[in-house]
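To start, the structure itself, in structure tokens.
None of the figures in this text is laboratory data; all of them are computed from the coordinates on show. Source: prediction; values computed, not measured. Neighbour counts are summed over all protein chains in view; Cβ atoms, including those assigned to glycine, are modelled from backbone coordinates with ideal geometry.
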Amino acid sequence: MPKIKRKIGKYTILELLEESNYALIYKVKDSDNNTTILKLTRTKNPEDNELIVREFQILSQFKHPNIVPVFENVQCLPRVISSLYYIGVQT
């Protein structure tokens, strides 16, 4: 996949990792130079976005080694942006 240089808020997009029916998933650097995952919803429907915000609010409360931590969840109308811990793939 080609490298993308673009900013969304405090995040600089490094590359697009995945496109699903419900979200675009990017590898990004935040303003503190930490590598994280940014999940940007595709839907602009307010009801769908409310459900997604609620899902990530609940997910962010879990502290478990098998659950990726959520750093931030922002409703950036008309979409939702979620920042998650980046787990690099080791080959």
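Brief remarks on what is shown
- Under the combined filter of DSSP loop state and at most 16 neighbouring Cβ atoms within 10 Å, segment 12-60 retains these chymotrypsin sites (Phe, Trp or Tyr not before Pro): Tyr22.
- Spin-label pair Val68/Arg6, simplified geometry with 7 Å Cα→Cβ offset, distance in nm: 1.9 nm
- If R0 equals 25 Å, the separation of the Cβ atoms of Leu17 and Asn45 corresponds to a calculated FRET efficiency of about 0.55.
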